[in-house]
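Right, one structure below, let's go through it.
The values are calculated or read from the model by the stated rules, or taken from the named source; none is laboratory data. Predicted, not measured: the structure shown is a model, and the values here were computed from it. Note that we place each Cβ from the backbone using ideal geometry, even for glycine, and neighbour counts take in every protein chain shown. Ligands, DNA and RNA are stripped out before the accessible areas are found, and what is left, the full protein with its side chains, is counted by its heavy atoms. Shrake-Rupley method; radii C 1.70, N 1.55, O 1.52, S 1.80 Å.
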Amino acid sequence: MIKAKNINKSFGELEVLRDVSFDVQQGEVISIIGPSGSGKSTLLRSLIGLEEINSGELFIEGISVKKSGKKAYEKMGMVFQGFNLFPHKTVMGNLIEAPIVVKGEKKEEAKKRAEELLNKVGLTDKKDSYPAQLSGGQKQRVAIARALAMEPDIMLFDEPTSSLDPELVGEVLTVIRGLADENITMMIVTHEMGFAKDVSDRVFFMDHGKIISDTVPEKIFVNPESERIQNFLTKIL
Ligand code: ADP
Ligand code: MG
């Protein structure tokens with residue numbers, strides 16, 4: 001589904017991704033953990049084409065990102081820490097915008113799927129509300145539904161609960177858990193270690209621009225292979 005081969009990314013002199021390689025299979029859920037500044041966001045942003053890599057190769061569903069230009073990204077959705085909803089559009093307006101504008105769907109068709117997605121994230125009654133009228137947890141659930149409206153095969157989440165009040169974290173994680181059960185391929189940057197442990201097939205630990213561990217959650221959380229990881233987990237838990 002996703003294949004990264006020796007990807008490198010620098011901002012000026014700063015090497016942010018250093019020879020990163022990995023494979024993600026269809027339906028796998030990958031959590032990415034690691035200290036601030038280790039390159040987690042840059043990795044996800046590179047996968048979806050928001051950052052251009054300096055070297056290496058990236059394949060999405062077997063298509064080389066370099067060769068296909070934008071095409072490879074059409075299969076991906078991304079959810080950010082800060083929601084990024086259109087403030088002047090209703091919840092429904094947010095959900096139907098991209099399917100209509102980007103995919104050329106008919107409005108009725110887009111609305112029908114939006115209704116289904118709002119039902120899935122538990123927000124049917126908010127379809128006519130504006131983002132400012134929603135709680136953080138509700139905004140993030142709208143952001144997830146909006147990404148799903150494009151029917152992606154792959155969903156990327158960058159700290160989807162980091163800007164939420166603690167009592168709102170659970171409702172967002174529940175929605176993401178539901179997607180994991182539906183077999184959508186996902187990569188999730190998170191500091192929610194309990195969630196990462198439950199939901200992931202594999203956990204990547206990033207440090208200084210490298211994936212220094214790529215293993216099953218049972219291993220990294222129960223018996224981390226390096227002192228570096230152990231120290232990080234002790235601090236965060
Ligand atoms: P993480 O998500 O793990 O906290 P990031 O990928 O956001 O890490 O950032 C990795 C490093 O790259 C940090 O040192 C950050 O300051 C730097 N960085 C990220 N984006 C940019 C940018 N657009 N320009 C310059 N430096 C950046
Ligand atoms: Mg980040």
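Taking only protein heavy atoms and a 1.4 Å probe, what accessible area per residue, in Å², does the range 151-198 have with all protein chains in place? Please report the intermediate quantities before stating the final value.
On the way: 1850 Å² over 48 residues.
Result: 39 Å² of accessible area for each residue.
Can you give me the C-alpha center-to-center distance between the range 153-218 and the range 91-137, rounded to a whole angstrom?
Answer, in whole Å: 24.
For M155, M78, what's the largest-to-smallest order of accessible area, 1.4 Å probe? The partial results should precede the final answer.
On the way: M155 0, M78 25 Å².
Of M155, M78, the descending order of accessible area is M78, M155.
Output wanted: per-residue J couplings in Hz (rounded whole) for the range 203-211, from phi through Karplus 6.51 cos²θ - 1.76 cosθ + 1.60, θ = phi - 60°, x for Gly and Pro.
In residue order, the calculated couplings are 10, 9, 9, 9, 8, 6, x, 10, 7 Hz.
Are there any chymotrypsin sites (Phe, Trp or Tyr not before Pro) in the range 153-237 that are in a DSSP loop and have at most 10 other Cβ atoms within 10 Å? List them by number.
Numbers: sites: F157, F195, F204, F205, F221, F232; in loops: none.
Loop-located and lightly packed - none at all.
Quick one: work out the % antiparallel among DSSP beta bridges in the chain, nearest 5. Provide the component values of the computation, followed by the final result.
On the way: 19 of 36 bridges.
Percentage antiparallel, nearest 5: 55.
Once the piece of chain linking K89 and K235 is laid out straight, how much longer is it, given 0.36 nm per residue of separation minus the C-alpha distance between them? Intermediate results must be reported in sequence, preceding the final value.
On the way: separation 146, 0.36 × 146 = 52.56 nm, distance 4.07 nm.
Gain in length upon complete extension: 48.5 nm.
Can you list the residues, at least 5 places off or on another chain, whose amide H is less than 5 Å from the amide H of G77, using H built in the peptide plane?
I154, M155, L156
Let me know the whole percent of all Cα-Cα pairs from the chain that are separated by more than 25 Å.
Values: 11765 of 27966 pairs.
It works out to 42 percent of all Cα pairs.
So the label point goes 7 Å from the Cα of S162 along Cα→C-beta, right? Which residues of the range 33-61 then have their backbone N under 13 Å from it?
Answer for the range 33-61: 33-45.
What are the residues whose amide H is under 5 Å from the amide H of E61, where those residues sit 5 or more places off or on another chain and H is modelled from the backbone?
When sequence neighbours closer than 5 places are left aside, the close amide H contacts are I2, K3.
Rounded, prolate or oblate, given the Cα gyration tensor of the range 79-191, with a/c below 1.5 counting as rounded? Spell out each step's value before the answer.
On the way: a/c = 1.73, a/b = 1.26, b/c = 1.37.
Oblate, since a/c reaches 1.5 and b/c is not below a/b.
Taking θ as phi - 60°, what are the ³J(HN,Hα) couplings along the range 18-32 by the Karplus curve (6.51, -1.76, 1.60), each to the nearest whole Hz, with x for Gly and Pro?
With coefficients 6.51, -1.76 and 1.60, one gets 10, 6, 7, 10, 6, 10, 10, 8, 3, x, 6, 10, 10, 9, 10 Hz.
For E13 and E151, calculate 0.36 nm times their separation in residues minus their Cα-Cα distance, and state this gained length in nm to one decimal. Present the calculation step by step, with values, prior to reporting the outcome.
Numbers: separation 138, 0.36 × 138 = 49.68 nm, distance 3.78 nm.
Additional length available on full extension: 45.9 nm.
Restricting to the range 125-237, what percent of DSSP beta bridges are antiparallel, rounded to 5? Let's see the in-between values first.
On the way: 5 of 10 bridges.
Antiparallel: roughly 50 percent of the beta bridges in the range 125-237.
Report, by chain and number, residues whose modeled amide H sits under 5 Å from the one on N54, excluding near sequence neighbours (fewer than 5 apart, same chain).
N8, K9, S10
Divide by every residue of the chain the summed helix terms, -39500 (n - 2.57) for each DSSP H run of at least 4, and state the resulting mean residue ellipticity at 222 nm, rounded to the nearest 500 deg cm²/dmol. If you can, show how the numbers build up before the last one.
Values: 9 runs with 89 residues, N = 237.
Computed mean residue ellipticity for the chain: -11000 deg cm²/dmol.
Once you mark the GluC sites (Glu not before Pro) that are in a DSSP loop and have at most 12 other Cβ atoms within 10 Å, what is the longest gap between them in the chain? Could the numbers behind the result be given before it?
Values: sites that count: E13, E52, E182.
Of all site-free stretches, the longest is 53-181.
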